[in-house]
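Have a look at the structure below before the remarks.
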Amino acid sequence: MKKFYITTPIYYVNDMPHIGHTYTTIMADVIKRYKKLRGYDVFFLTGTDEHGQKIEKSANKQNITPKELADRVVKRFKELWEILNIEYDNFIRTTDSYHMKGVQKIFKKLQNKGDIYPGEYKGHYCISCESFVSDTAKNSDNGNKICPDCGKTTEKVTEKCYFFRLSAYRDKLLKYYEKHPDFISPKTRMNEVTSFVKMGLNDLSISRSTVKWGISVPGDSEQTIYVWFDALTNYITGINYYKEDEMFKKYWPADLHIIGKDILRFHAVFWPAFLMAADIGLPKKELVHGWWLKDDKKMSKSTGNVLDPKILLEHFNPDSIRYFLMREASIGSDGNFSHQGFIDRINTDLTNDWGNLISRTGGMIEKYLNNEFKLSVKYSKREEQIKKEYITLEKNVLESFDNYQYNKGLKKILGFINYLNKYIVETEPWNLAKSEENREKLNAILKTLVRAILSINALFSPVIPETSEKIKKIFNFSESGFGWKDPGEIFKINKVEQLFPRVSNKDFFSNKNGEKEKKMEDEKISEDEGLINFDYFKKVEMVVAKIIDVKKVENTDKLLELIVDAGTDKRTLVAGIAQYYKVEDLNNKKIIIVKNLKPIKLRGILSQGMILAASDANGRPYIPIIPEETPVGAILK
């Protein structure tokens with residue numbers, strides 16, 4: 001069996017887990033699950049970086065030991081990873097004894113080789129980033145340098161230390177980059193690293209005499225090993241480098257390091273040089289992702305916009321978070337997070353499209369067949385075409401996943417889901433169920449939908465694993481792996497549960513910070529009877545409007561953009577009716593709209609109201625067409 005060793009960075013324990021940590025870790029977990037389905041023996045390493053001056057200072061301020069601080073934060077990380085169904089194989093801590101022994105082992109090896117030597121460092125040190133800053137960096141008002149990575153003022157330090165002979169590895173690194181052009185992905189990051197190394201490398205200070213919270217240098221208890229040397233070594237100590245046993249030999253070199261762009265230099269320059277010096281093979285690939293922005297601004301503690309995933313978990317299940325992060329951002333680019341964008345994405349993709357397909361299919365099987373298929377049937381060319389379309393889809397999705405382009409793969413899956421929802425509308429199973437002579441055709445349609453759902457479910461399973469298991473239970477299907485799924489001709493299904501309950505803006509935003517907004521008395525609904533009073537009803541302004549232009553919304557099969565004349569003004573509406581109404585059938589028709597609904601952006605279009613429509617048990621909308629003589633702007637009372 002082929003092996004696949006995947007890692008995240010180990011996370012610094014100066015802060016609680018946030019959306020950036022979550023994104024990286026979910027990505028690693030998704031890749032692990034996907035590779036396992038492809039037949040790999042996968043080992044997934046994550047953990048925490050617990051040494052350094054910043055941790056020492058933070059603990060002192062709280063009157064606790066650095067280890068106590070680390071223990072507190074590690075507990076939060078592990079709790080969140082459990083909630084999000086992260087299946088790591090080892091959670092390493094840099095305070096673990098086997099890790100510390102491994103760090104001292106490689107340090108001593110480089111020391112004996114002559115690549116680590118004693119000296120004195122004079123320069124600038126960024127406590128926040130735990131890194132040394134070049135003399136070419138900008139000056140602050142007090143004359144100290146400004147860290148180019150975090151923007152904070154550095155400290156001037158003069159101290160005895162040990163240096164790593166980084167300068168000796170410039171040419172070796174460049175030759176390696178040239179021979180392995182896919183070592184760093186995306187290519188723009190590879191170009192960035194190559195340019196940096198070509199400018200020349202200075203020897204790197206690799207120990208501190210003024211920091212006590214760390215791993216001591218072998219044979220010199222006055223010095224602690226540089227926190228980045230300590231942290232990077234986790235990738236080999238996490239698989240038993242200290243013993244160099246069968247586990248280490250089996251999994252090293254790593255197949256994939258997943259990192260953020262802000263720690264690229266440490267991983268793409270320092271780490272390979274350390275390994276070259278120790279005569280240890282280099283990792284096969286480093287996958288570099290961008291930052292998550294909050295409303296187009298970089299998240300940071302100083303601006304107070306760091307996002308705690310637990311806020312989302314108050315309203316959404318863990319799979320919703322996993323799906324959004326994998327769907328919304330492409331590797332290499334920054335992702336933008338907004339609460340509204342999150343709500344819209346989940347309600348549209350998972351609730352409306354995927355969840356609705358499953359509930360409609362299960363509901364029809366329950367209603368028309370009493371949850372049981374009892375007939376062996378023949379399938380029409382239409383059903384056979386769906387199978388062929390899926391096989392093509394799967395090939396394209398797996399290709400995207402193999403290239404770590406999960407956002408593209410998920411987009412393709414959603415396109416096929418919309419195709420199946422159209423298939424339901426076009427074949428009208430509810431009409432076929434009215435006649436016994438159409439019973440075989442009805443069975444063929446519903447079985448095809450079950451097979452397609454189970455096949456899609458396998459593609460979705462690395463991303464939304466908890467929901468995937470629920471879907472398999474609904475349809476009494478236990479098989480894993482990819483391919484067109486066939487549960488047979490005769491089988492039963494279980495009652496469909498709601499997989500992704502819709503979350504309204506009002507419910508989410510009223511409780512985003514843990515406090516419910518108080519509702520006005522005249523907007524209260526009786527909890528016992530679900531009744532509203534007349535004053536509440538009068539607030540809803542419904543008028544007759546005339547459609548004067550219709551077009552499809554780009555990149556969606558479901559939405560139409562309508563321009564309507566509402567009597568007092570012309571306005572834009574976005575409606576999810578494209579699967580049921582043709583553009584030409586709606587032009588110049590008079591309809592009823594809710595005029596005073598708060599505007600909302602859908603796919604970048606401001607929708608200023610809502611069409612009034614009825615719907616059947618299967619969710620198909622029916623728009624009342626108003627007689628031509630009814631005046632535009634007429635108010636419904």
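For the range 466-521, what are the residues that are at pLDDT 95 or above and either over 22 Å from K447 (Cβ atoms) or in a helix (DSSP H, G or I) (or both)?
E466, T467, S468, E469, K470, I471, K472, K473, I474, listed by residue number.
Just to be sure, is E50 among the acidic types (D, E), closer than 30 Å to Y404 by Cβ and open to solvent by less than 40 Å² (accessible area, probe 1.4 Å)?
Yes; evaluated as a whole, the condition is true for this residue.
Sort out which residues of the range 357-382 are surrounded by fewer than 19 Cβ atoms within 10 Å (Cβ to Cβ) and within 19 Å of S615 (Cβ to Cβ), and write them in order of number.
Listed by number, the residues that qualify are G363, E366, K367, Y368.
Among the numbered criteria (1) modelled with pLDDT under 95; (2) touching a helix residue (DSSP H, G or I) at 6+ places or on another chain (Cβ under 8 Å); (3) β-branched (V, I, T), which single criterion is violated by V425?
Looking at each condition in turn, V425 falls short on (2).
Return the pairs, sorted by first residue and then second, in which the second residue is basic (K, R) and in a helix (DSSP H, G or I), the first residue lies in the range 174-185 and is more than 17 Å from G200 (Cβ to Cβ), the beta carbons are less than 9 Å apart, and the residues are 6+ apart or on different chains.
Pairs that qualify, where the first residue is more than 17 Å from G200 (Cβ to Cβ) and the partner is basic (K, R) and in a helix (DSSP H, G or I), are P181/K187.
Please specify each residue of the range 261-290 satisfying the condition of being open to solvent by 10 Å² or more (accessible area, probe 1.4 Å) and touching a helix residue (DSSP H, G or I) at 6+ places or on another chain (Cβ under 8 Å).
K261, R265, F266, F270, M276, I280, G281, L282, H289
Scan the range 552-600 for residues that are among the basic types (K, R), under 19 Å from D349 (Cβ atoms) and part of a strand (DSSP E or B) and report the count.
Matching residues across the range 552-600 total 1.
Report, by residue number, each residue of the range 451-471 that is without any contact (Cβ under 8 Å) to a residue 12 or more places away in the chain and more than 18 Å from the chain's Cα centre (by Cα).
Listed by number, the list holds a single entry, E469.
Please determine, by comparing only the residues of the range 111-140 that are open to solvent by 60 Å² or more (accessible area, probe 1.4 Å) and among the charged types (D, E, K, R), which one is farthest from V157 (Cα to Cα).
Only one residue tops the list, namely K113.
Which condition from (1) within 28 Å of the chain's Cα centre (by Cα); (2) open to solvent by 10 Å² or more (accessible area, probe 1.4 Å) is the one that K57 breaks?
(1)
Check D402 against each of (1) more than 26 Å from P621 (Cβ to Cβ); (2) touching a residue at least 60 places away in the same chain (Cβ under 8 Å); (3) surrounded by fewer than 22 Cβ atoms within 10 Å (Cβ to Cβ) and name the one condition it does not meet.
Single failed check for D402: (2).
Among F196, F183, which is the only one that is modelled with pLDDT of 95 or more, touching an Asp or Glu at 6+ places or on another chain (Cβ under 9 Å) and not small (G, A, S)?
F183
What tally of residues in the range 585-631 results from selecting those that are more than 28 Å from W430 (Cβ to Cβ), out of contact with any strand residue (DSSP E or B) (no Cβ under 9 Å at 6 or more places or on another chain) and of a type in the set (K, R)?
Looking only at that region, the number is 1.
With respect to the numbered conditions (1) assigned to a helix (DSSP H, G or I); (2) over 25 Å from I10 (Cβ atoms); (3) charged (D, E, K, R), which one is the sole condition not fulfilled by E192?
Only one criterion is unmet by E192, namely (2).
Hey, among V450, V425, V463, which residue is open to solvent by less than 30 Å² (accessible area, probe 1.4 Å), part of a loop (DSSP other than H, G, I, E, B), at negative phi and not charged (D, E, K, R)?
The match here is V463.
Just need a number here: residues in the range 94-104 that are assigned to a helix (DSSP H, G or I), open to solvent by less than 30 Å² (accessible area, probe 1.4 Å) and touching a strand residue (DSSP E or B) at 6+ places or on another chain (Cβ under 9 Å).
Residues flagged as assigned to a helix (DSSP H, G or I), open to solvent by less than 30 Å² (accessible area, probe 1.4 Å) and touching a strand residue (DSSP E or B) at 6+ places or on another chain (Cβ under 9 Å) within the range 94-104 amount to 2.
Applying the selection to the range 141-167, what residues are open to solvent by 50 Å² or more (accessible area, probe 1.4 Å), closer than 18 Å to L204 by Cα and among the acidic types (D, E)?
Listed by number, the residues that qualify are D149, E155.
Looking only at the range 122-139, count how many residues are closer than 23 Å to I263 by Cα and modelled with pLDDT of 75 or more.
Count: 8.
Filtering the range 198-250 down to residues that are among the small types (G, A, S) and more than 18 Å from R93 (Cβ to Cβ), which residue is surrounded by the most Cβ atoms within 10 Å (Cβ to Cβ)?
S207
Please indicate, with yes or no, whether at least one residue in the range 555-574 is among the small types (G, A, S) and surrounded by 18 or more Cβ atoms within 10 Å (Cβ to Cβ).
For the range 555-574, residues among the small types (G, A, S) and surrounded by 18 or more Cβ atoms within 10 Å (Cβ to Cβ): present.
Show me the helices (runs of 4 or more DSSP H) entirely contained within the range 308-385 in which 2 or more residues are over 19 Å from the mean Cα position of the chain (by Cα).
Per the criteria, 356-369.
Just wondering, is there one or more residues in the range 327-334 that are under 20 Å from I19 (Cα atoms) and modelled with pLDDT of 95 or more?
yes
What about T572, is it touching a residue at least 12 places away in the same chain (Cβ under 8 Å) and within 24 Å of V425 (Cα to Cα)?
Considered against the rule, which asks whether it is touching a residue at least 12 places away in the same chain (Cβ under 8 Å) and within 24 Å of V425 (Cα to Cα), T572 comes out as no.
From the list F77, F91, F107, F44, which residue is touching a residue at least 40 places away in the same chain (Cβ under 8 Å), in contact with a Leu (Cβ under 9 Å, 6 or more places away or on another chain) and crowded, with 16+ Cβ neighbours inside 10 Å?
F91
Being under 24 Å from K109 (Cβ atoms) and small (G, A, S) is the filter here, so list the residues in the range 161-194 that pass it.
Result: S167, A168.
Counting just the residues of the range 152-189 that are among the basic types (K, R) and part of a helix (DSSP H, G or I), which one comes out farthest from V227 (Cα to Cα)?
Here the residue is K179.
Being open to solvent by less than 20 Å² (accessible area, probe 1.4 Å) and in a helix (DSSP H, G or I): is that true of G409 here?
Yes; evaluated as a whole, the condition is true for this residue.
The values are calculated or read from the model by the stated rules, or taken from the named source; none is laboratory data. These numbers were taken from a predicted model, which means no experiment stands behind them. All Cβ positions, even for glycine, are placed from backbone atoms using ideal geometry, and neighbour counts span all protein chains on display. The accessibility values were calculated without ligands, DNA or RNA, using every heavy atom of the protein model including side chains. Shrake-Rupley method; radii C 1.70, N 1.55, O 1.52, S 1.80 Å.
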